[in-house]
Ligand SMILES: Cc1cc2nc3c(=O)[nH]c(=O)nc-3n(C[C@H](O)[C@H](O)[C@H](O)COP(=O)(O)O)c2cc1C
């Protein structure tokens with residue numbers, strides 16, 4: 001294993017909202033290969049509670065796109081009324097472009113978990129989401145390794161009931177991230193500007209440097 005290759009993959013798996021090839025079909029086998037990789041992620045008590053709802057039918061994508069866009073407009077509206085910088089962030093072009101074109105992406109993967117988080121137990125909540133979100137991230141990495149771009153999105157959860165109705169998701173199943181997926185087209189994916197370990201890592205006690 002060459003750490004440099006792996007580090008490159010880990011450091012350049014970005015949200016890809018533009019420079020996507022919306023005309024190129026995505027082979028179902030490739031999605032299955034990526035899911036095969038994703039399910040190697042850790043899972044509490046070996047329960048494998050993850051489920052991957054792969055949406056490819058145009059009508060369902062259209063409906064999912066419509067509810068995503070509705071959620072997006074709702075958040076923008078709320079943030080604008082609240083003032084502050086977050087509304088401006090969401091008004092960066094990439095967010096709106098994705099919201100308006102979500103249905104045009106050939107594959108939408110909704111990562112779900114069988115069960116529901118316990119609102120009264122932090123440990124259970126961490127265990128619950130910790131048993132599915134690492135797999136979702138592995139899925140994004142596996143997609144990227146195959147030339148596919150995705151974005152980690154959660155806005156649709158404001159419309160989770162409508163999404164459940166649309167996709168036949170039963171009660172007792174929790175929706176998590178929605179990954180809109182397409183092959184990338186000349187996407188230049190580079191490491192993001194992030195704070196380094198000297199700022200975000202503490203040693204032996206909170207706030208203490210090395
Ligand atoms: C919890 C979470 C929720 C997010 N929800 C959305 C979303 O609904 N729509 C979207 O376009 N991006 C969403 N993002 C993507 C972030 O905007 C993105 O990760 C961030 O801008 C950093 O960019 P990068 O992914 O290219 O590193 C979400 C990311 C996280 C971690």
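If each of residue 122 and residue 19 carries a label point 7 Å out from its Cα toward its Cβ, how far apart are those two points in nm?
4.0
Can you compute the label reach from residue 29? Point 7 Å from Cα along the Cβ direction, backbone N cut-off under 19 Å, restricted to region 145-174.
145-148
Which log10 I(q)/I(0) values does the chain give at q = 0.09, 0.11 Å⁻¹ under the Debye formula, counting every alpha carbon as one identical point scatterer?
Result of the Debye calculation: -0.40, -0.60.
Using label points projected 7 Å from each Cα along Cα→Cβ, tell me how many nm separate residue 188 and residue 1, to one decimal.
It works out to 3.1 nm between the two label points.
Would you list 112, 34 from fewest to most Cβ contacts within 10 Å?
Ordered by Cβ neighbours within 10 Å, fewest first: 112, 34.
Using only alpha-carbon positions, what ratio does the radius of gyration of region 29-70 give when scaled by 2.2 N^0.38 Å?
Scaled against compact globular proteins, the figure is 1.55.
Summing -39500 (n - 2.57) over the DSSP H runs of n ≥ 4 in the chain and dividing by its residue number, what mean residue ellipticity at 222 nm do you reach, to the nearest 500 deg cm²/dmol?
Using -39500 (n - 2.57) per qualifying helix, the result is -13500 deg cm²/dmol.
With springs only between Cα atoms under 10 Å apart, run a GNM on the chain and tell me which of 146, 70, 89 wobbles the most.
With Cα springs under 10 Å in the chain, the top fluctuation among 146, 70, 89 is at 89.
Tell me, 22, 133, 179 in order of fewest to most beta-carbon neighbours within 10 Å?
22, 133, 179
Just grab the label-to-label distance for residue 92 and residue 200, each label 7 Å out from Cα along the Cβ direction, in nm (one decimal).
1.5
With 10 angstrom as the radius, rank 203, 137 by how many other C-beta atoms surround their C-beta, starting from the fewest.
Exposure proxy ranking, most exposed first: 203, 137.
Where a number appears in this text, it was derived from the coordinates with a stated rule and is not lab data. What you see is a predicted model, and the numbers here were worked out from it, not measured in a lab. Don't worry about glycine lacking a Cβ; one is built from the backbone with ideal geometry, like all the others, and counts go over all protein chains shown.
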